[in-house]
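The values are calculated or read from the model by the stated rules, or taken from the named source; none is laboratory data. Model, not experiment: these values are computed from the prediction. With ideal geometry, Cβ positions are generated from the backbone for all residues, glycine too; neighbour counts draw on all protein chains shown.
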Amino acid sequence: MGGLRVFVSRLLDLFRTRRLEESLDAELQAHLQLLSEENIRRGMAPQEAREAARRAFGGVEQTKEAYREQRGILLIDSVMQDFRFALRILVKSPAFAAVAIVTLALGIGATTAVFSVVDRILFRSLPYSHDDRLVAFGLTAPIEKDEFMLGASYIDFRKTPGPFEQVTSMIPGDSKCDITEERPVRLSCAYVEQGFLSTLGVRPILGRNFRLDEDRPKAARVAILCFPLWKSRFGGDPGMVGKTISLDGAATRIVGILPANFEMPTLTPAEILVPQALDEELQRRAPPGAVLRTFGRMKPGATVAQVIVGLQPFLEQSLQGAPSAFRKEIHLSVSTLHDRQIHDARLASWILLGSVFAVLLVACTNVASLQLARATARQRELAVRVALGASRGRLVRQALVESMLLGLLGGLAGCLVAHLLLRLFVSIAPQGIPRLQQAGLDLRVVSFTFAVSMVSAAVFGLAPALSDPSPGALIGKEVRATTRSLLRPTLVAAQITVSVVLLACAGLLLRSLWNLQRTPTGMETERVLTETVSLAEYRYPKLPQQIDFFSQLQARLKALPGITGLAVSDTLPPSGQMRSTILAAVEPEGHVPIAEGTGGSVAWRAVTPGYFSALGVAVVRGRDFQEQDSWPSENPIILSETLARILFGKEDPVGKQLRLFRQQSPQRIVIGVAADVRNNGLVDRSDPEFYLPWKDDPVESLSTGQIIMRTRTEPTVVAAWMRSETSALDPTLPVKIEAMTERVGQLTERPRFNAMLLSLFAGIGVALAAVGIYGVVAFLVAQQTREIGVRMALGASPQSVMNLVLWNVIRWAIGGAALGLISAWFSTRLLQSLLFEVRVHDPVLLILALLLLLAVTLLAAWIPARRAMRVDPMVALRYE
Amino acid sequence: MTPPSGGVLHGALALIVLKTLDAMGSLHGYGIAQRIQQVSEDLLKLNQGTLYPALLRLEPRGWISSKWGLSDNHRKAKYYSLTRSGRAQLSSEAESWERMAAVIARLLGAEGL
């Protein structure tokens, strides 16, 4: 009320200082005038009267000062004064200002850029209402590593959804569908249950959610558009709701439009949502039925632990229904949606954030020692201020304000650095880092930057602020940094410690990346091109049509010049996407079946003859497939070496018979054994594998084919040929052509990204540390000039002077390095799960990091130390 | 008589200024000082360094208002006058001053017993 009014008025006064000052002056002058006129009336001479008035009035300036204190908000006023002063000081020493601001900008910029990336991954909430109550749940089993539920059991479960308020489901994976009208285009289609959106708490911005009667087989077809598709294809036309489009050749009515920030809980791409239309009767009739991803909304206040307990009856029921082989290997999986989305990005995110904070720490330490050096140089100024009556608190405030100003300027420059770094990140980042594309400098990130700048300013400003000017400085005596010399070397040691840790971590990741890239894949990937062709189901609904298409394409490609190998398969190694079954489903004739369990998963592919030679995989025994193997009467199989060893031990597998998938199907004859190929990515253990001929048994669909071409010709030319041959057959087909080396390279993108960033940060850290060490040593040498002069006058050799300086640094470097070793020993452990065939405590790497750092330290110290060597004793002794 | 110590004066000064303006209507700083000196029969000689900050304290609280005008001998001077809320403040402050004065008188009297 009154207080607020006073405050506001004073705040306003801050901005009209000059006018107030003039007004006050006029008022006091008027007072003096009136007073002297009164004196004249009493009979004094004018001159005398004025002087008497002045005497009676007292000090005009004191009155003004009292008036001013009354007027302004004293603190703000004097802080502004400090700010102006700090700005002047910075402008007066541009070299110091530039070094400090660049250092800070690097530290703050890197921190901001990394924060803006990991913020999306670690801290931000998902675009669903009450996202903390959403969980992904289901079973995990050897052939399906993500949690799932089976159609029939889900239909029973959703009637009484146990511990959940609501449950919903979707068909897993990135399914495709086509808009089949003008400008045909292939879309990512999400097949979801009717209550999918309402369970997630997402409302269409236009139109409505699906209705129950629309989520049934044979119901009229409807769809909901996602925002980007609505904007790009339909120009954001609000009239789209209610319109009909042709989807996969069937008329489909658009019933709603989703908000711009919508994303699938599995993070799979989706451009359009379609009801999954689960056929209940079919699911019950033919168990196990469809595989579904299931999500639940917990009741308010419920925890994941409670949900796990609540799901036990469901787990037991599922186990009873499961084939006996699976029972021991089925587990319940419940995780919050947030955890599920980021599971493997979490550790890397924390490590990047940690390392970038380490860089920031080095930067702050640098600025702190710079400030400290300047504080010593400015001791005389400080002493004068104390002598003139500045209080200790006033000096500390002044120093803090100077740091704040530096922090702010560094933060501003840091925003620019962050912006550039972020663009770099996005351009080099691999696929699959969640939400990286959306990372940017928004208000939240900028406030983070601001907070970081202020905290760093406090950190690096505190030490110099607490320095106490000695009265000796006032009379011009030089004050040498001897008493508090502990602080400076401690800062150096801290920088070295942090740098050792950064270097050790970066080294481990680089080493691991090196190993990863040299991992043999089991193939010869040079000069191999692959083409992924995915046939639209509505155009090629039946297997014979699909097989026919691929054999026509193969025939066309075979005619191209320079082709040394050509084959088609349904999937390609080494990525982990392939058909798989369990070992128990592979039963060799005359062998005892596996007594218990599933035996783990076994990969398999359908391939045409020539697959092995095209990929450069050796057939170590027997033979490759031939044309006649695709006849219906033939049932051959080729095993990988590992699978052959598991099934037949040391016996020769060729000619042996086995049955697959517990079918009463004809026996299959092993015709060959192929060398092992990495098939679960580069890091994970490979599964044993077998190959079946490219034909209609036992697969149900071959709509996606991988064309493999080994060529002698220039790959870009061949790629263009492949493209034109494919479109000659079917111009609507989307085609993706990649070199095989590229495909393998994609698997190392993630580790390469992590290693690159960490190396970048380690590099910045070491460079900053070098600058810091250089600065401190140069400063110490300058301080010791006189001492050095005396020593030299007394006969010390230049070499011994240099040793003296260097020894000082080395002592602290060794201390810092020892501490760094210990910290690295503990912190590298955190990296464990990111490493591939590298020991966490690799002594060679640690020693390399140490040596590198010691070399940098010595170099940084050597330059100023040489200057000490060249000190002229005469000059030094006359120094003061 | 020695002037009352600063502490007491500080609180009382506002009351004195408000009362003066109440009695005299509109007045400039010099006039206020003169008037106070007059009324107190020279016992209270106001330091100008105290008066102007006091005026400045009262104005933003809305108890007095100021505007530039001409003095009797045609000098430009800043005239202060009491506002409505200043008048209310004066009566409540005068009341509490009297109560305080009575209490202190009683205390001093009691000490004598």
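Limited to region A:269-296, what total is found for residues that are within 28 Å of A:His343 (Cβ to Cβ) and at pLDDT below 80?
Residues in region A:269-296 being within 28 Å of A:His343 (Cβ to Cβ) and at pLDDT below 80: 3 in total.
The conditions are (1) more than 7 Å from every other protein chain (Cβ to nearest Cβ); (2) modelled with pLDDT of 75 or more, and A:Ile73 fails exactly one of them. Which is it?
The single condition A:Ile73 does not satisfy is (2).
Looking at (1) aromatic (Phe, Trp, Tyr); (2) assigned to a helix (DSSP H, G or I); (3) within 33 Å of the chain's Cα centre (by Cα), find the lone condition where A:Trp812 falls short.
Looking at each condition in turn, A:Trp812 falls short on (3).
Does region A:688-704 contain any residue that is among the basic types (Lys, Arg) and not in a loop (DSSP other than H, G, I, E, B)? Can you show your working first?
From region A:688-704, those among the basic types (Lys, Arg) are A:695; that's our starting set.
Now restrict to residues that are not in a loop (DSSP other than H, G, I, E, B): none.
For region A:688-704, residues among the basic types (Lys, Arg) and not in a loop (DSSP other than H, G, I, E, B): absent.
Mind listing whichever residues of region A:716-764 are small (Gly, Ala, Ser) and in a helix (DSSP H, G or I)?
Looking only at region A:716-764, we keep the residues that are small (Gly, Ala, Ser), and these are A:719-720, A:724, A:727-728, A:739, A:745, A:755, A:759, A:762-763.
Within region A:716-764, A:Ala719, A:Ala720, A:Ser724, A:Ser727, A:Ala728, A:Gly745, A:Ala755, A:Ser759, A:Ala762, A:Gly763 qualify.
Whether any residue in region A:657-667 is crowded, with 18+ Cβ neighbours inside 10 Å and under 30 Å from A:Leu553 (Cβ atoms) is what I want to check. Don't jump to the end; show me each part of the working.
Keep residues of region A:657-667 that are crowded, with 18+ Cβ neighbours inside 10 Å, which gives A:658, A:660.
Checking the rest, the ones that are also under 30 Å from A:Leu553 (Cβ atoms) come to A:660.
Yes, region A:657-667 contains at least one residue that is crowded, with 18+ Cβ neighbours inside 10 Å and under 30 Å from A:Leu553 (Cβ atoms).
Table: residues versus (1) more than 9 Å from every other protein chain (Cβ to nearest Cβ); (2) of a type outside the set (Gly, Ala, Ser).
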| residue | (1), (2) |
| --- | --- |
| B:Asp42 | yes, yes |
| B:Arg57 | no, yes |
| B:Ile64 | yes, yes |
| B:Gly69 | yes, no |
| B:Lys78 | no, yes |
| B:Arg84 | yes, yes |
| B:Ala88 | yes, no |
| B:Ala94 | yes, no |
| B:Arg99 | yes, yes |
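Considering only region A:151-251, give the helices (runs of 4 or more DSSP H) lying wholly within it that have at least 3 residues that are over 17 Å from A:Tyr538 (Cα atoms), free of Cβ contacts under 8 Å to residues at least 40 places away in the same chain and not hydroxyl-bearing (Ser, Thr, Tyr).
Working: elements: A:151-157, A:196-200, A:227-234.
So the answer is A:227-234.
Please state which of the following conditions A:Ile171 fails to meet, knowing it meets all the rest: (1) surrounded by fewer than 18 Cβ atoms within 10 Å (Cβ to Cβ); (2) of a type in the set (A, V, I, L, M, F, W, C); (3) in contact with a Cys (Cβ under 6 Å, 6 or more places away or on another chain).
(3)
Failed condition for B:Leu18, given (1) more than 8 Å from every other protein chain (Cβ to nearest Cβ); (2) at pLDDT 80 or above; (3) not in a helix (DSSP H, G or I), with all others met?
Of the numbered conditions (1) more than 8 Å from every other protein chain (Cβ to nearest Cβ); (2) at pLDDT 80 or above; (3) not in a helix (DSSP H, G or I), the odd one out for B:Leu18 is (3).
Only one of these is at pLDDT 80 or above, assigned to a helix (DSSP H, G or I) and either aromatic (Phe, Trp, Tyr) or under 19 Å from B:Ala77 (Cα atoms) (or both): A:Glu48, A:Glu37. Name it.
Working: A:Glu48 fails: either aromatic (Phe, Trp, Tyr) or under 19 Å from B:Ala77 (Cα atoms) (or both).
When all the criteria are applied, what remains is A:Glu37.
Checking the structure you have, find out if any residue of region A:364-374 is more than 37 Å from the chain's Cα centre (by Cα) and either assigned to a loop (DSSP other than H, G, I, E, B) or within 18 Å of A:Gly816 (Cβ to Cβ) (or both). Step through it out loud before you land on a result.
Our first condition is that a residue be more than 37 Å from the chain's Cα centre (by Cα); within region A:364-374, this holds for A:373-374.
Right, trim to either assigned to a loop (DSSP other than H, G, I, E, B) or within 18 Å of A:Gly816 (Cβ to Cβ) (or both) and you get none.
No, region A:364-374 has no match at all.
Within region A:677-721, can you find the residues that are within 14 Å of A:Met578 (Cβ to Cβ), modelled with pLDDT of 80 or more and charged (D, E, K, R)?
Within region A:677-721, A:Arg678, A:Asp687, A:Glu689 meet the criteria.
Among the residues of region A:30-48, write down those that are surrounded by 12 or more Cβ atoms within 10 Å (Cβ to Cβ) and more than 9 Å from chain B (Cβ to nearest Cβ).
In the first step, residues of region A:30-48 are kept if they are surrounded by 12 or more Cβ atoms within 10 Å (Cβ to Cβ); the result is A:30-40, A:44, A:48.
Residues satisfying the conditions are A:Ser36, A:Asn39, A:Ile40, A:Met44, A:Glu48.
Can you find a residue that is out of contact with any Gly (no Cβ under 7 Å at 6 or more places or on another chain), within 21 Å of A:Arg829 (Cβ to Cβ), surrounded by fewer than 20 Cβ atoms within 10 Å (Cβ to Cβ) and without any contact (Cβ under 8 Å) to a residue 12 or more places away in the chain anywhere in region A:357-376?
Taking every residue of region A:357-376 in turn, none turns out to be out of contact with any Gly (no Cβ under 7 Å at 6 or more places or on another chain), within 21 Å of A:Arg829 (Cβ to Cβ), surrounded by fewer than 20 Cβ atoms within 10 Å (Cβ to Cβ) and without any contact (Cβ under 8 Å) to a residue 12 or more places away in the chain.
Taking the stated definitions as given, is A:Gln577 out of contact with any helix residue (DSSP H, G or I) (no Cβ under 8 Å at 6 or more places or on another chain) and at negative phi? Please lay out each step first, then the result.
Values: out of contact with any helix residue (DSSP H, G or I) (no Cβ under 8 Å at 6 or more places or on another chain): yes; at negative phi: yes.
Against the criterion (out of contact with any helix residue (DSSP H, G or I) (no Cβ under 8 Å at 6 or more places or on another chain) and at negative phi), A:Gln577 qualifies.
Can you tell me which residues in region A:823-877 are within 22 Å of A:Pro751 (Cβ to Cβ) and among the small types (Gly, Ala, Ser)?
A:Ala824, A:Ser827, A:Ser833, A:Ala849
Residue pairs, Cβ under 8 Å, 6 or more apart or interchain, first in region A:115-140 and touching a residue at least 24 places away in the same chain (Cβ under 8 Å), second assigned to a strand (DSSP E or B) and aromatic (Phe, Trp, Tyr). List them.
A:Leu134/A:Phe295; A:Val135/A:Phe295; A:Ala136/A:Phe295; A:Phe137/A:Phe295; A:Gly138/A:Phe148; A:Leu139/A:Phe148; A:Thr140/A:Phe148
List pairs: first residue in region A:77-88 and modelled with pLDDT of 85 or more, second residue assigned to a helix (DSSP H, G or I) anywhere in the structure, Cβ distance under 9 angstrom, at least six positions apart or on different chains.
A:Leu87/A:Leu405
When only residues in region A:103-142 that are of a type in the set (D, E, K, R) and either farther than 22 Å from A:Arg293 by Cβ or modelled with pLDDT under 80 (or both) count, which is surrounded by the most Cβ atoms within 10 Å (Cβ to Cβ)? It would help to see each step written out before you state the result.
Taking region A:103-142 as the starting set, the residues that turn out to be of a type in the set (D, E, K, R) are A:119-120, A:124, A:131-133.
Narrowing further to those that are either farther than 22 Å from A:Arg293 by Cβ or modelled with pLDDT under 80 (or both): A:119-120, A:124.
Details: A:Asp119: 19, A:Arg120: 21, A:Arg124: 14.
Per the stated criteria, the residue is A:Arg120.
Do you know which of the residues in region B:62-90 that are hydrophobic (A, V, I, L, M, F, W, C), part of a strand (DSSP E or B) and modelled with pLDDT of 85 or more is farthest from A:Glu22 (Cα to Cα)? Working first, answer last.
Of all residues in region B:62-90, those hydrophobic (A, V, I, L, M, F, W, C) come to B:63-64, B:68, B:70, B:77, B:82, B:88, B:90.
Now drop any that are not part of a strand (DSSP E or B), which leaves B:64, B:68, B:70, B:77, B:82.
Still in the list and also modelled with pLDDT of 85 or more: B:64, B:82.
Numbers: B:Ile64: 21, B:Leu82: 24 Å.
Only one residue tops the list, namely B:Leu82.
So which residues in region B:38-54 are closer than 15 Å to A:His31 by Cβ and outside any loop (DSSP other than H, G, I, E, B)? So that I can check it myself, show each step before the final result.
Start the filter on region B:38-54 by keeping residues that are closer than 15 Å to A:His31 by Cβ, which leaves B:45-54.
Result: B:Gln48, B:Gly49, B:Thr50, B:Leu51, B:Tyr52, B:Pro53, B:Ala54.
Matching residues to (1) under 22 Å from A:Leu24 (Cβ atoms); (2) touching a Gly at 6+ places or on another chain (Cβ under 8 Å):
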{"position": "B:Ile16", "(1), (2)": "yes, no"}
{"position": "B:Met24", "(1), (2)": "no, yes"}
{"position": "B:Tyr30", "(1), (2)": "yes, no"}
{"position": "B:Ile36", "(1), (2)": "yes, no"}
{"position": "B:Leu56", "(1), (2)": "yes, no"}
{"position": "B:Pro60", "(1), (2)": "yes, no"}
{"position": "B:Trp68", "(1), (2)": "yes, no"}
{"position": "B:Ala77", "(1), (2)": "yes, yes"}
{"position": "B:Arg84", "(1), (2)": "no, no"}
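Return yes or no: is A:Glu263 farther than 26 Å from A:Ala141 by Cα, crowded, with 18+ Cβ neighbours inside 10 Å and in contact with a strand residue (DSSP E or B) (Cβ under 8 Å, 6 or more places away or on another chain)? Can you show your working first?
On the way: farther than 26 Å from A:Ala141 by Cα: yes; crowded, with 18+ Cβ neighbours inside 10 Å: yes; in contact with a strand residue (DSSP E or B) (Cβ under 8 Å, 6 or more places away or on another chain): no.
The answer is no for A:Glu263.
Would you confirm whether any residue within region A:143-154 is surrounded by fewer than 18 Cβ atoms within 10 Å (Cβ to Cβ) and either at pLDDT 85 or above or over 33 Å from the mean Cα position of the chain (by Cα) (or both)?
No, every residue in region A:143-154 fails to be surrounded by fewer than 18 Cβ atoms within 10 Å (Cβ to Cβ) and either at pLDDT 85 or above or over 33 Å from the mean Cα position of the chain (by Cα) (or both).
For residues in region A:815-855 being on the phi < 0 side of the Ramachandran plot and not in a helix (DSSP H, G or I), which is surrounded by the most Cβ atoms within 10 Å (Cβ to Cβ)? If you could, list the steps in order and put the result at the bottom.
Just the residues of region A:815-855 that are on the phi < 0 side of the Ramachandran plot, to begin with: A:815-836, A:838-855.
From what is left, the residues that are not in a helix (DSSP H, G or I) are A:835-836, A:838-842.
Details: A:Leu835: 20, A:Phe836: 17, A:Val838: 22, A:Arg839: 13, A:Val840: 13, A:His841: 13, A:Asp842: 18.
Among those residues, the one meeting the criterion is A:Val838.
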